Amino acid sequence: MLLPGGISVKIPTIPALVLLKLFAWRDRHRDDTRDALDVATMIEWYSSGKYFDRLYDQETDWLEKFDYDPPLAGAALLGSQIPSLLDEKGTAELLRVLDDQELMGRLAKDMGGSRPDLLVRAMIQGVHAAVSTSK
């Protein structure tokens with residue numbers, strides 16, 4: 001992104017922000033839930049605006065898999081974008097976190113809102129789908 005005065009600023013992608021927030025939440029969820037709230041917001045972004053259009057134009061497989069429920073399909077699409085940001089060791093750590101059912105139940109609780117448990121599960125399914133196709 002170019003700011004006035006010709007200053008160039010790099011902006012992280014939403015999947016990169018979610019990855020950052022997942023690990024930040026893991027490290028400090030006992031003291032603060034703000035990272036979980038941020039994850040919930042970013043999951044919501046992935047089923048609205050241009051991402052909503054992307055689901056219906058390019059990612060219909062996710063929509064079909066989640067019975068045309070855009071928030072769940074968007075969460076899965078978001079999850080599917082995260083593993084490509086990591087090396088093998090990072091992916092293994094991410095899976096260790098996401099496969100901890102107790103921890104992910106706590107994440108869903110901390111996220112609040114509507115159907116957080118389903119959104120977390122859909123995001124995890126997206127991660128697993130991307131990891132299995134990259135092997």
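Just so it is clear, none of the values below were taken in a lab; they were calculated from the coordinates. This is a predicted model, so every value here is computed, not measured. All Cβ positions, glycine included, derive from the backbone under ideal geometry; neighbour counts span all protein chains shown.
For this structure, a couple of remarks:
- For LYS50, the aspartates and glutamates whose Cα comes closer than 18 Å to its Cα, not counting residues fewer than 8 places off in the same chain, are GLU59, ASP61, ASP69.
- Oblate is the label for the stretch 13-134, because the ratio a/c of its alpha-carbon gyration tensor axes (a ≥ b ≥ c) is 1.5 or higher and a/b is not greater than b/c.
- Most to least packed among 113-126, 54-67 [average Cβ atoms within 10 Å]: 113-126, 54-67
- Cα lying deepest toward the dipole's positive end in the chain, options PRO4, SER132, MET111, charges on Cβ: PRO4
- Bridgeable lysines around LYS109 (alpha carbons under 23 Å apart, same-chain partners fewer than 8 residues away excluded): LYS21.
- FRET efficiency estimate (nearest 0.05) - Cβ-Cβ, ASP87 to ASP27, R0 30 angstrom: 0.95
- Contour minus Cα-Cα distance for ASP57 and LEU2 (0.36 nm per residue): 16.9 nm
- Per residue of the chain, the DSSP helices (runs of n ≥ 4 H) give a summed -39500 (n - 2.57) that works out to -22000 deg cm²/dmol at 222 nm.
- Relative contact order computed over the stretch 33-107 (Cα-Cα under 8 Å; 6+ residues apart), in percent: 26 percent
- Assuming charge only on the beta carbon of Lys and Arg (+1) and of Asp and Glu (-1), the dipole of the chain about its Cα centre is about 280 debye to the nearest 20.
- The chain: relative contact order as a whole-number percent, Cα under 8 Å and 6+ apart: 25 percent
- Exposure proxy ranking for LYS89, LYS10, LYS109, based on other Cβ atoms within 10 angstrom of each Cβ and starting from the fewest, stands as LYS10, LYS89, LYS109.
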